[in-house]
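Colleague: Structure in structure tokens, see below.
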Amino acid sequence: MNYNREMLLRRAFLLAPLVPVLQGQDRQPNMFGDAEAYEQFMGRWSRLVAPRLVEFTGLPERGRILDIGSGTGSLAFAIAERNVRARVLGIDPSKEYVAYATSRNPYPDRASFEVGDAQQLHFPDASFDAALSLLVFNFIPDPTKALLELRRVIKPGGKLSAAVWDYGAGMRMLRTFWDAAVHIDPGAEKLDEKHMPLCRAGEMSALWRQGSLENVREQSIDIRMRFKSLADYWDPFLLGQGPAGSYVRHLDREKLQALRNEVKLRLSLSAEDTPLVLLGRVWSVRGIVPNRR
Ligand SMILES: C[S@@+](CC[C@H](N)C(=O)[O-])C[C@H]1O[C@@H](n2cnc3c(N)ncnc32)[C@H](O)[C@@H]1O
């Protein structure tokens, strides 16, 4: 990591009082507004899932590929690394994430990023050979609208794939966090990410079929999330990214300590520096845009 975690944590705490209290599963603009914090919290795991999603999709060797909700760039970089003759464009509504991905882009000749919303694409019909999306569809306010837009901009016969964390069970990092949060604060139940759409087996493929994609196939992809210590697991939650980070920002010191203790208990960690491996599961889906629209 080329940034200082201490500095990030201090900044997260200083900003906390400025953030309005979360109501339900609201998408706060700043939930995806700090790219370095996101990298520490989730980007390091996205990087492990990204090549597996690319492999599952089976991309053409060349052509124009769209990465929807490209965030800090993990998926676009994984595509550019493997498909050297392809051109990847990542779009994301977070200008901070787009700026970060652009500034860290190791493949400027074949990957680029711009601000955009999957529900309203400014590209002409049939302008991409394929599109992929990693850990995004559950955050899109109208996923059906986004799917139809993607179908429009992908050429007939082109592939569309996506993956979403299995928040209710197999994404152990977040599952443990929310179970502990609800235990110490029952009010957190409505914020638990397991209530988000499209995160259970069969939901992504149902959406793809609803959108009349062909040859739809869904499968889980598992990664191992290795943490060096409790701090390596816990500290990134304090950086304010994603729904869990947003929730943590509103806890007072006492609640925060209670939550940390509860998490430690649930992870069965005997000591602060005990290393830890957790399962991280996504549900991934792929399909083909039909020739007749
Ligand atoms: C959990 S992050 C995933 C980022 C990246 N794909 C990764 O795997 O690390 C979710 C991303 O979805 C983006 N997002 C939210 N609403 C979106 C929309 N309507 N269209 C496109 N992206 C969206 C967010 O800005 C954020 O970058």
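The values are calculated or read from the model by the stated rules, or taken from the named source; none is laboratory data. Owing to the predicted nature of the structure, the values given are computational and were not obtained by experimental measurement. Methodologically, a virtual Cβ is constructed for each residue, glycine included, from the backbone with ideal geometry; neighbour enumeration extends over all protein chains shown.
Colleague: Considering only region 259-277, state which residues are of a type in the set (Val, Ile, Thr) and within 14 Å of Arg226 (Cα to Cα). Show your work before the answer.
Modeller: If we filter region 259-277 for residues that are of a type in the set (Val, Ile, Thr), which is where we start, we get 263, 274, 277.
Thr274, Val277, listed by residue number.
Colleague: For residues that are farther than 19 Å from Ser127 by Cβ and more than 12 Å from the ligand (Cβ to nearest atom), tally how many sit in region 141-157. Spell out how you get there, then give the answer.
Modeller: At the first step, the residues of region 141-157 found to be farther than 19 Å from Ser127 by Cβ are 141-144.
This time we only want the ones that are more than 12 Å from the ligand (Cβ to nearest atom), so: 144.
Qualifying residue count, region 141-157: 1.
Residues checked against (1) modelled with pLDDT under 95; (2) more than 25 Å from Tyr97 (Cα to Cα); (3) more than 17 Å from the chain's Cα centre (by Cα):
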residue	(1), (2), (3)
Lys190	no, yes, yes
Leu207	no, yes, yes
Phe227	no, no, yes
Leu259	no, yes, yes
Ala271	yes, yes, yes
Leu279	no, yes, no
Pro290	no, yes, yes
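Colleague: Please report, ordered by residue number, the helices (runs of 4 or more DSSP H) entirely within region 158-275 with at least 2 residues that are within 16 Å of the ligand (Cβ to nearest atom).
Modeller: Details: elements: 172-184, 203-210, 230-234, 242-249, 253-266.
Qualifying helices (runs of 4 or more DSSP H): 172-184, 203-210, 242-249.
Colleague: Next question, about the same structure. Taking region 47-60 as the search range and keeping residues that are touching a helix residue (DSSP H, G or I) at 6+ places or on another chain (Cβ under 6 Å) and under 16 Å from Val285 (Cβ atoms), which one is surrounded by the fewest Cβ atoms within 10 Å (Cβ to Cβ)? Talk me through it step by step, then tell me what you get.
Modeller: Our first condition is that a residue be touching a helix residue (DSSP H, G or I) at 6+ places or on another chain (Cβ under 6 Å); within region 47-60, this holds for 47, 50-51, 54.
Add one more test, that the residue is under 16 Å from Val285 (Cβ atoms), and what stays is 50, 54.
Working: Ala50: 25, Val54: 20.
Among residues in region 47-60 that are touching a helix residue (DSSP H, G or I) at 6+ places or on another chain (Cβ under 6 Å) and under 16 Å from Val285 (Cβ atoms), the one surrounded by the fewest Cβ atoms within 10 Å (Cβ to Cβ) is Val54.
Colleague: Asp142: free of Cβ contacts under 8 Å to residues at least 24 places away in the same chain, of a type in the set (D, E, K, R), closer than 21 Å to Ser212 by Cα and surrounded by fewer than 20 Cβ atoms within 10 Å (Cβ to Cβ), yes or no? Walk me through how you get there before you give the answer.
Modeller: Working: free of Cβ contacts under 8 Å to residues at least 24 places away in the same chain: yes; of a type in the set (D, E, K, R): yes; closer than 21 Å to Ser212 by Cα: yes; surrounded by fewer than 20 Cβ atoms within 10 Å (Cβ to Cβ): yes.
Yes, satisfied.
Colleague: Within the set of pairs 6+ apart or on separate chains, which have a first residue in region 167-196 that is more than 25 Å from Lys228 (Cβ to Cβ) and free of Cβ contacts under 8 Å to residues at least 60 places away in the same chain, a second that is in a helix (DSSP H, G or I) and of a type in the set (D, E, K, R), and C-beta atoms under 6 Å apart?
Modeller: Close Cβ pairs satisfying both conditions: Gly168/Lys194; Val182/Glu189.
Colleague: Return the residues of region 109-157 that are of a type in the set (D, E, K, R), assigned to a strand (DSSP E or B) and over 20 Å from the mean Cα position of the chain (by Cα); say none if nothing qualifies. Working first, answer last.
Modeller: Filtering region 109-157 for residues of a type in the set (D, E, K, R) gives 109-110, 114, 117, 125, 129, 142, 145, 149, 151-152, 155.
This time we only want the ones that are assigned to a strand (DSSP E or B), so: 114, 117, 129, 155.
Once the filter is applied, which keeps residues that are of a type in the set (D, E, K, R), assigned to a strand (DSSP E or B) and over 20 Å from the mean Cα position of the chain (by Cα), region 109-157 yields Asp129, Lys155.
Colleague: May I ask you to list the residues in region 61-73 that are more than 9 Å from the ligand (Cβ to nearest atom) and either without any contact (Cβ under 8 Å) to a residue 60 or more places away in the chain or surrounded by fewer than 17 Cβ atoms within 10 Å (Cβ to Cβ) (or both)?
Modeller: The first filter runs over region 61-73 and keeps only residues more than 9 Å from the ligand (Cβ to nearest atom), leaving 61-66.
If the condition is that a residue be more than 9 Å from the ligand (Cβ to nearest atom) and either without any contact (Cβ under 8 Å) to a residue 60 or more places away in the chain or surrounded by fewer than 17 Cβ atoms within 10 Å (Cβ to Cβ) (or both), then Glu61, Arg62, Gly63 are the ones that fit.
Colleague: List pairs: first in region 103-121 and within 10 Å of the ligand (Cβ to nearest atom), second in a helix (DSSP H, G or I) and among the hydrophobic types (A, V, I, L, M, F, W, C), Cβ under 6 Å, 6+ apart or cross-chain?
Modeller: Val115/Val98; Ala118/Ala146; Gln119/Ala146; Leu121/Val153
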